[in-house]
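Bear in mind these aren't lab numbers, they're just calculated from the coordinates by the rules spelled out. Given the structure is predicted, the values throughout are model-derived calculations rather than measurements. Positions of Cβ are generated from backbone atoms using ideal geometry, with glycine treated the same way; all protein chains shown enter the neighbour counts.
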Amino acid sequence: MKKLILSLFVSCCLAPVLAQTPDWPHKPIRLIVPFPAGGPTDLVGREAANILREEFKQPVIVENRPGGNGALGHGVLAKAPADGYTIGLLVITVAIAPHLGNAPFDTFKDFAPISNMVSMTPIVVANNNAPFNTLAELTHYAKANPEKLAYGTPGVATVPHLAAELFQMQSGTKLNHVPYKGATQQIQDLIGGSTLLDFQSSLVVAMPQIKADRIKALAVLSDKRSPQLPNVPTAKESGYPGLVVSPWFGLGAPAGTPADIVQKIQVAIAKGLNTKEVQDRFAAIGASVHPNKSPADFSDYIKTEYERWGKVIKAANVKAE
């Protein structure tokens with residue numbers, strides 16, 4: 001009798017645990033992308049959706065929620081039910097927005113990081129008639145013309161803007177920031193000569209113009225040279241070892257999402273990222289698969305990035321628009 005009672009007690013205790021997510025997923029999954037359709041972030045989100053759709057045999061519906069340079073979409077994700085049926089892209093915004101004030105989420109309390117996925121390749125480009133062809137020549141010119149050299153970015157406190165601030169700190173220069181509402185108009189003005197210098201967060205917009213010889217590339221800000229532009233040096237090779245910037249994209253869920261669901265998604269994403277087909281598609285947009293893929297690794301990486309960009313934002317006195 002004692003054994004029977006003990007057995008029943010153990011079964012009752014384990015029942016809620018075992019019943020947590022026995023048949024997940026059994027309905028469509030929503031994947032929030034915090035930027036508009038058609039851009040690099042959207043492409044990463046849709047690739048993630050394809051991977052999960054194939055693995056789980058359930059619809060994965062991409063929902064674009066742009067606004068606030070990604071902050072709005074992250075806020076939506078933070079407030080979603082923690083049942084595994086709403087996930088989203090966690091991007092570098094979660095390491096930047098809180099330092100600017102009024103972020104609609106808490107980076108470390110509102111999310112369950114799942115897996116880092118890919119990093120883009122930021123690039124510094126110039127008008128073909130600009131009197132500099134390298135970062136060293138750019139530095140010399142900028143020092144000779146303080147605050148006169150205009151450079152474009154897709155907006156205040158975007159990754160390209162912070163990369164430009166980091167460059168100015170390391171080079172001892174002072175440039176004139178011209179923020180745009182996106183990368184397309186930014187690159188067109190560079191071609192036309194309204195600006196002579198441009199910081200881009202990825203190769204998506206810049207590379208076709210470089211290939212067509214409409215603009216020139218000075219350096220990529222990634223850790224290694226880009227396979228798409230093998231003749232373009234890195235900032236490290238150009239004398240700026242601290243100028244390595246990685247606009248990253250990963251997956252996350254609302255805090256409180258069951259750990260077994262987080263683990264299932266992480267395993268599925270890792271499996272998809274390891275296929276040549278997926279890696280080739282990312283390479284085509286200048287993205288590389290990120291080495292940190294586990295939830296613990298991703299959490300640590302977010303913390304490191306949060307601390308790094310907080311220091312840059314404070315030192316450069318960057319304010320939200």
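Among the listed pairs K143/K181; K143/K224; K79/K109; K57/K264; K216/K319; K174/K211, a Cα-Cα separation exceeding 21 Å is found for K143/K181; K143/K224; K216/K319; K174/K211. One chain, two ends: K143 and N231. Fully extended at 0.36 nm per residue, the span grows by 29.0 nm beyond their Cα-Cα distance. Per-residue 3J(HN,Hα) values for region 227-233, derived from phi via the Karplus relation 6.51 cos²θ - 1.76 cosθ + 1.60 with θ = phi - 60°, read x, 6, 9, x, 8, 8, x Hz in sequence order (x marks Gly and Pro).
Under 5 Å between amide hydrogens, built in the peptide plane, is the criterion, and for N176 it picks out L149, A150, Y151 among residues at least 5 positions away or on other chains. The simple Förster model, with R0 at 41 Å and r as the Cβ-Cβ distance, assigns A284 and R308 a FRET efficiency of 0.90.
For the chain, leaving out every one of the trypsin sites (Lys or Arg not before Pro) that falls in a DSSP loop and has at most 10 other Cβ atoms within 10 Å, the longest unbroken run is 182-318.
Karplus-based coupling profile of region 251-263, in residue order and whole Hz: 10, x, 9, x, 4, x, 4, x, 4, 5, 6, 4, 5, with θ = phi - 60° in 6.51 cos²θ - 1.76 cosθ + 1.60 and x standing for Gly or Pro. Among the chymotrypsin sites (Phe, Trp or Tyr not before Pro) within region 21-126, those in coil by DSSP and having at most 14 neighbouring Cβ atoms inside 10 Å are F108.
For the chain, the longest principal axis of the Cα atoms and the long axis of helix 159-171 meet at an angle of about 50 degrees.
For region 294-303, the Karplus equation 6.51 cos²θ - 1.76 cosθ + 1.60, evaluated at θ = phi - 60°, returns couplings of 6, x, 5, 4, 5, 4, 5, 5, 4, 4 Hz by residue, with Gly and Pro reported as x.
Built from the Cα atoms of the chain, the convex hull projects on average onto 18.1 nm², one quarter of its surface area.
Distant-in-sequence amide contacts of I32, defined by a placed amide H-H separation under 5 Å and a gap of 5 or more residues or a different chain, comprise E63, I87, G88, L89.
The eigenvalues of the Cα gyration tensor, multiplied by 5 and square-rooted, give region 123-220 an equivalent ellipsoid with semi-axes of 18, 15, 12 Å from largest to smallest. Per-residue ellipticity at 222 nm computed for the chain from its helices equals -13000 deg cm²/dmol, with DSSP H segments shorter than 4 residues left out and the rest contributing -39,500 (n - 2.57). When the charge dipole of the chain is built from unit charges on Cβ atoms (+1 for Lys and Arg, -1 for Asp and Glu) and taken about the Cα centre, the candidate among H74, V244, A320 whose Cα reaches farthest toward its positive end is H74. If only the Cβ of Lys and Arg carry +1 and only the Cβ of Asp and Glu carry -1, the dipole of region 123-220 around its Cα centre is close to 40 debye.
If the chain linking K211 and E321 were pulled fully straight, counting 0.36 nm for each residue of separation and taking away their Cα-Cα distance, it would gain 36.2 nm. Think of the chain as having a plus end and a minus end, set by charges on the Cβ of Lys, Arg, Asp and Glu; of I96, S226, S171, I96 sits farthest toward the positive end of this dipole. Length gained on full extension, E54 to A37, computed as 0.36 nm times the residue gap minus the Cα-Cα distance: 4.0 nm. Taking amide H atoms as placed 1.01 Å from N in the peptide plane, the amide H of I114 lies under 5 Å from those of L251, G252, A253, each 5 or more residues away in sequence or on another chain.
Between the C-alpha center of region 249-284 and that of region 93-151 there is a gap of 26 Å. If I take every Cα pair under 8 Å that is 6 or more residues apart in region 123-220, average their sequence separation and divide by the length, what percent do I get for the relative contact order? It comes to 47 percent, rounded to a whole number.
Give me the angle, in degrees from 0 to 90, between the Cα long axis of helix 183-192 and the longest principal axis of the Cα atoms of the chain, rounded to the nearest 10. Helix 183-192 sits roughly 10 degrees off the main axis of the chain.
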